[in-house]
Amino acid sequence: MEQKKVWISGASRGIGKAIAIEFAKAGYALYLNCREQKTLLEEFKLQLETEYRVPVEIFVADLGNYTQVETIFSSLPPMDVIVNNAGISYIGLFHEMTPEAWKQILDTNLSSCFYVSQLGVQKMLPNKSGRIINISSIWGNVGASMEVAYSTTKGGINAFTKALAKELAPSHISVNAIACGVIDTQMNHCFSEEEMEAIIADIPADRLGKPEEVGRLALQLANAPEYLTGQIITLDGGYI
């Protein structure tokens with residue numbers, strides 16, 4: 001049986017790294033991306049190849065730039081699974097946000113999802129199979145004060161997921177999203193100890209989520225029945 005292949009963006013740390021580990025455990029060939037942490041991604045590649053004996057290719061590129069994405073995907077084989085995880089956050093007052101910051105977060109979080117999915121789907125369609133998994137956020141479901149742009153991009157990913165799932169269902173390609181709650185990653189280390197304690201106090205599970213929990217759910221979605229599509233699955237410890 002031919003080895004399955006997975007593309008994972010934002011894979012040098014945090015959720016993307018945890019997802020890559022779970023797919024490596026399952027024996028997938030990995031195609032990993034980060035925007036600028038080349039050394040981290042190279043070290044991670046060596047770790048995965050050594051521990052799990054799977055082939056790993058790495059790509060350092062800004063996925064918010066269509067030309068860079070097109071260059072990468074022109075040389076890739078068809079993927080069995082695409083995980084759109086690349087993302088950045090922005091915490092600040094809406095009226096103080098610059099147009100440049102707004103554009104950057106839209107390009108990184110939302111446009112990258114469009115570019116990668118479109119180019120990846122073009123190679124999935126002839127095989128009439130595939131899985132697309134988008135990493136979203138609970139703030140895409142309900143919105144967050146001081147995170148208007150971030151919430152907007154994640155809400156866009158949710159709508160993108162539902163619409164694309166309907167379009168691709170006849171081609172046996174499923175599209176789902178994981179709406180993450182507060183996960184214990186570097187992205188959330190911007191909060192003070194007191195702020196984090198207050199957040200945890202509001203989470204029924206009484207703790208932050210673990211990146212490996214997102215990774216395990218992503219792998220489950222990759223193996224889920226084809227009929228499971230167009231879903232925004234919330235993973236938040238009961239927070240929202």
Under 5 Å from the placed amide H of GLY130, counting only residues 5+ away or on other chains, we find SER174
For the chain, built as a Gaussian network whose Cα springs stay under 10 Å, the top-fluctuating residue of ALA218, ALA205, ALA24: ALA205
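Go through LYS128/LYS210; LYS162/LYS210; LYS154/LYS210; LYS45/LYS166; LYS123/LYS210; LYS38/LYS103 and tell me which ones have a Cα-Cα distance over 30 Å in this structure.
Working: LYS128/LYS210 33 Å; LYS162/LYS210 26 Å; LYS154/LYS210 20 Å; LYS45/LYS166 35 Å; LYS123/LYS210 33 Å; LYS38/LYS103 24 Å.
Where the Cα-Cα span goes over 30 Å, the pairs concerned are LYS128/LYS210; LYS45/LYS166; LYS123/LYS210.
Counting only protein heavy atoms and using a 1.4 Å probe, what share of the accessible area of the stretch 1-140 belongs to carbon plus sulfur, as a whole percent?
Values: 3400 of 6520 Å².
In the stretch 1-140, the share of accessible area belonging to carbon and sulfur is 52 percent.
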Name the long-range amide H neighbours of GLY209: under 5 Å, sequence gap of 5 or more, or other chain; modelled H, no Pro or chain starts. VAL182, ILE183, ASP184
Toward the positive end of the charge dipole of the chain, about the Cα centre and with charges on Cβ (Lys, Arg +1; Asp, Glu -1), which of ASN158, GLN3, CYS180 goes farthest? GLN3
Whole-Hz couplings from phi, Karplus 6.51/-1.76/1.60, listed for the stretch 177-185; x for Gly and Pro: 10, 10, 8, 7, x, 7, 9, 6, 10
Report the full-extension gain for the segment GLU57 to LEU228: residue separation times 0.36 nm, less the Cα-Cα distance, to one decimal in nm. 58.6 nm
Sites matching GluC sites (Glu not before Pro) across the stretch 1-80 that sit in DSSP coil, with at most 15 neighbouring C-beta atoms within 10 Å: GLU2, GLU36
Residues with beta-carbon under 13 Å from that of ALA101, excluding ALA101: net charge, scoring Lys, Arg +1 and Asp, Glu -1? -3
What is the P(r) of the chain, as percent of Cα-Cα pairs per 10 Å bin from 0? 8, 33, 38, 18, 3, 0
Can you list residues whose amide H is under 5 Å from ALA86's amide H, if they're 5+ apart or on another chain and H is modeled 1.01 Å from N? SER9, GLY10
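The values are calculated or read from the model by the stated rules, or taken from the named source; none is laboratory data. Fair warning: this is a prediction, and the values are worked out from it, not measured in the lab. Here Cβ is always computed from backbone atoms with ideal geometry, including for glycine, and neighbour counts include all displayed protein chains. Side chains included, ligands, DNA and RNA excluded: accessible areas come from the protein's heavy atoms. Shrake-Rupley method; radii C 1.70, N 1.55, O 1.52, S 1.80 Å.
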